[in-house]
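Undergrad: Below: one structure in structure tokens.
The values are calculated or read from the model by the stated rules, or taken from the named source; none is laboratory data. Predicted, not measured: the structure shown is a model, and the values here were computed from it. Heads up, the Cβs are rebuilt from the backbone with ideal geometry, glycines too, and the neighbour counts pull from every protein chain shown.
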Amino acid sequence: MTSTRTFAAVDLGATSGRVMHARVGPDLLESAEAHRFPNTPLRRPDGLRWDVESLHRGVLDGLRAVARAGGADSVGIDTWAVDYGLLDAEGELLDQPFHYRDARTEDVAERVRASVGPAELYAVTGLQHLPFNTVYQLAADRDSGRLAAARTLLLMPDLLVHRLTGEAGAEATNASTTGLFDARTGTWSKALLGRLGLDPALLPPLRRPGEPAGTLLPHVAEATGLPASTPVTAVASHDTASAVAAVPAEEPDFAFLSCGTWSLAGLELDAPVLTEESRAANFTNELGIDGTTRYLRNIMGLWLLTETQRTWREQGLPHALGPLLAAAAKARPFAAVIDPDAPEFLAPGDMPARIAAYCVRTGQRPPEDQGSLVRTLLEALALAHARTLRRAAALAGREIRTVHLVGGGSRNELLCRLTADATGLPVVAGPAEATALGNVLVQARAHGLVPDRTAMRRLVASTQPLRRCTPGGDRAAWDAAARRIGLD
């Protein structure tokens, strides 16, 4: 067996997708972007949708670039969670999948609670309440009649795997985010499906990370130039699960922050925390690799900053990230304090105007310039990171010694420094490409190149650039800022 092999990692985010080409060996983990493409939602009269056809074309273009660069021993796909496509009896997609930011689920949770109370739902699934969880989206589709012709539900990564292989399945780390998955048994909850009036046959068999998901269909092989025998491997297909798999932790007492559009802040545990106290704190228990639990909360994340930049760009104002961060670093601390999870920040729109309105509503003066506004956003994220990690540790009975901040947010030095100051803990920043690297490493382990999760993380730590931020700043000022808006 060769000591070095190559892999293709398809990694789709909420605004863009890319296909990474990676090489893995005993002391080697390197990746390069083979192709990047936009992920632009479709705004239709009936709601906000994902453009699966465009995403599929982007994946094929990326695999074509991988083939030109020498091919791959395997392909893996990860995406965001909760969204899905519905297939008919012939295996054809009925319509473009709804986007989780679509408003159709706004009032659905109350109807679901009439069938299954929130405490009972949490006791089975262990999921944080979010209005766009799959269980609520499915209830909206059921009530509208959209499920009538559906025979199979495929979550987004599984839908794209189906496009490549023709095989239907549900990778377990993503399935665990649906609100239909039993956190204790690691299986679909048939009892819950029955209570919700959903047909269990709609859900395909579960796959675990590292299991085979088929080989390329003949027309896919022809379109990409890869051999039809190329295997597609089920990775940790929820992008956060892949990111956590690549956390370069060499100590057990770590917390993770997977920071991009969302900040996912939490702990890796051996078992879920399903207490009433955990439910009241709105923490989620999602599956990780090797049966671990990702015990975390979703925080709005850098969506606030990217939407702010988008608004400024449309208004003809300066919007380049580097100068904005430089101005933010010089701005006065805690000019305003906001809660990044306030509901008015969820939907696309004029984020600077919403932040100003929030400040007025809470008796604060809005940020006076761009640098001050960006600092306000980053301080809000740092405060939310700190609050969430402290609460997670208390609920799980764990001590945190180090915070690993991975994903695109790890490139933001100011955010990393502010997070260290807010938490009072050292922050190890990187790798920025944690999601793609976790995708690759699960494939590599399935092909015998790394033996276990510890070796995967050790390989990341020894090969990827990391940066360490030690806590500083005025502790009393951080505590006072947290109290101003209930982020303590």
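Undergrad: When both residues are 6+ apart or on different chains and their Cβ atoms are under 9 Å apart, which pairs have a first residue that lies in region 315-328 and is of a type outside the set (S, T, N, Q), and a second that is surrounded by fewer than 13 Cβ atoms within 10 Å (Cβ to Cβ)?
TA: H319/R313; L324/P318; A327/D369
Undergrad: So which residues in region 275-287 are of a type in the set (D, E, K, R), surrounded by fewer than 20 Cβ atoms within 10 Å (Cβ to Cβ) and touching a strand residue (DSSP E or B) at 6+ places or on another chain (Cβ under 9 Å), if there are any at all?
TA: none
Undergrad: Filter region 318-365 for residues that are in a helix (DSSP H, G or I), hydrophobic (A, V, I, L, M, F, W, C) and crowded, with 16+ Cβ neighbours inside 10 Å and give the result.
TA: L324, L325, A327, A328, F345, M351, I355, A356, C359
Undergrad: Mind counting the residues in region 139-158 that are crowded, with 24+ Cβ neighbours inside 10 Å and in contact with an Asp or Glu (Cβ under 9 Å, 6 or more places away or on another chain)?
TA: Here the count works out to 4.
Undergrad: With in contact (Cβ under 8 Å) with a residue 60 or more places away in the chain and within 28 Å of L437 (Cα to Cα) as the only criterion, which of N298, N282 stands out?
TA: Checking each option against the conditions leaves just N298.
Undergrad: Would you list the helices (runs of 4 or more DSSP H) that sit entirely within region 391-488 and hold 2 or more residues that are buried (at least 22 other Cβ atoms within 10 Å of the Cβ)?
TA: In region 391-488, 413-423, 434-446, 453-463 are the helices (runs of 4 or more DSSP H) which contain 2 or more residues that are buried (at least 22 other Cβ atoms within 10 Å of the Cβ).
Undergrad: Would it be correct to say that T388 is out of contact with any Phe, Trp or Tyr (no Cβ under 8 Å at 6 or more places or on another chain), more than 30 Å from S3 (Cα to Cα) and of a type in the set (V, I, T)?
TA: So T388 passes the test.
A quick yes/no check of all residues on (1) closer than 24 Å to F132 by Cα; (2) in contact (Cβ under 8 Å) with a residue 12 or more places away in the chain; (3) basic (K, R); (4) touching a Gly at 6+ places or on another chain (Cβ under 8 Å):
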residue	(1), (2), (3), (4)
G13	yes, yes, no, yes
M20	no, yes, no, no
S31	no, yes, no, no
H56	yes, yes, no, no
G85	yes, yes, no, no
L94	yes, yes, no, yes
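Undergrad: Taking region 128-141 on its own, how many of its residues are of a type in the set (S, T, N, Q) and part of a loop (DSSP other than H, G, I, E, B)?
TA: Of the residues in region 128-141, 2 are of a type in the set (S, T, N, Q) and part of a loop (DSSP other than H, G, I, E, B).
Undergrad: Name the residue that is farthest from the chain's Cα centre (by Cα), counting only residues in region 212-235 that are part of a loop (DSSP other than H, G, I, E, B) and of a type outside the set (G, A, S).
TA: Across region 212-235, the extreme among qualifying residues is P227.
Undergrad: Hey, any hits in region 115-128 for a residue that's closer than 24 Å to V442 by Cβ, modelled with pLDDT of 95 or more and surrounded by fewer than 22 Cβ atoms within 10 Å (Cβ to Cβ)?
TA: No, the conditions are met nowhere in region 115-128.
Undergrad: Sticking with this one: For the condition surrounded by fewer than 20 Cβ atoms within 10 Å (Cβ to Cβ) and over 22 Å from A477 (Cβ atoms), what is the one hit in W312, W303?
TA: Among W312, W303, only W312 is surrounded by fewer than 20 Cβ atoms within 10 Å (Cβ to Cβ) and over 22 Å from A477 (Cβ atoms).
Undergrad: Here's another thing I want to ask about it. Residues T40, T79: which one is hydroxyl-bearing (S, T, Y) and in contact with a strand residue (DSSP E or B) (Cβ under 6 Å, 6 or more places away or on another chain)?
TA: So the residue among T40, T79 that is hydroxyl-bearing (S, T, Y) and in contact with a strand residue (DSSP E or B) (Cβ under 6 Å, 6 or more places away or on another chain) is T79.
Undergrad: Hey, could you check region 134-186 for residues that are among the acidic types (D, E) and within 22 Å of V232 (Cβ to Cβ) and say which is farthest from the chain's Cα centre (by Cα)?
TA: If we take residues in region 134-186 being among the acidic types (D, E) and within 22 Å of V232 (Cβ to Cβ), then E167 is farthest from the chain's Cα centre (by Cα).
Undergrad: Turning to a different aspect of this structure: Mind listing whichever residues of region 37-52 are touching a residue at least 24 places away in the same chain (Cβ under 8 Å), on the phi < 0 side of the Ramachandran plot and either among the acidic types (D, E) or in contact with a Lys or Arg (Cβ under 7 Å, 6 or more places away or on another chain) (or both)?
TA: Answer for region 37-52, where residues must be touching a residue at least 24 places away in the same chain (Cβ under 8 Å), on the phi < 0 side of the Ramachandran plot and either among the acidic types (D, E) or in contact with a Lys or Arg (Cβ under 7 Å, 6 or more places away or on another chain) (or both): P41, L42, L48, D51.
Undergrad: Tally the residues that are out of contact with any strand residue (DSSP E or B) (no Cβ under 7 Å at 6 or more places or on another chain), among the acidic types (D, E) and touching a residue at least 12 places away in the same chain (Cβ under 8 Å), restricting the search to region 200-252.
TA: Residues that pass the stated criteria total 2.
Undergrad: Filter region 142-172 for residues that are touching a Pro at 6+ places or on another chain (Cβ under 8 Å) and part of a helix (DSSP H, G or I); which is nearest to A183 (Cα to Cα)?
TA: Once the filter is applied, the top-ranked residue is A172.
Undergrad: May I pose another question? Only one of H56, H35 is in contact with a helix residue (DSSP H, G or I) (Cβ under 9 Å, 6 or more places away or on another chain) and in a helix (DSSP H, G or I). Can you tell me which?
TA: Result: H56 is the single residue among H56, H35 that is in contact with a helix residue (DSSP H, G or I) (Cβ under 9 Å, 6 or more places away or on another chain) and in a helix (DSSP H, G or I).
Undergrad: Give me a count of the residues in region 62-103 that are outside any loop (DSSP other than H, G, I, E, B) and under 25 Å from K190 (Cα atoms).
TA: Matching residues across region 62-103 total 6.
Undergrad: Just name the residue that is surrounded by the most Cβ atoms within 10 Å (Cβ to Cβ) out of those in region 288-299 that are in contact with a strand residue (DSSP E or B) (Cβ under 7 Å, 6 or more places away or on another chain) and over 14 Å from R391 (Cα atoms).
TA: R294
Undergrad: Within region 108-127, is there a residue that is under 25 Å from D46 (Cα atoms), outside any loop (DSSP other than H, G, I, E, B), among the basic types (K, R) and touching a Gly at 6+ places or on another chain (Cβ under 8 Å)?
TA: The answer is no; no qualifying residue exists.
Undergrad: Of all residues in region 223-238, which are more than 14 Å from A446 (Cβ to Cβ) and either out of contact with any helix residue (DSSP H, G or I) (no Cβ under 8 Å at 6 or more places or on another chain) or modelled with pLDDT under 95 (or both)?
TA: S229
Undergrad: Hey, among the residues in region 455-474 that are charged (D, E, K, R) and within 24 Å of the chain's Cα centre (by Cα), which one's farthest from R445 (Cα to Cα)?
TA: It comes out as R468.
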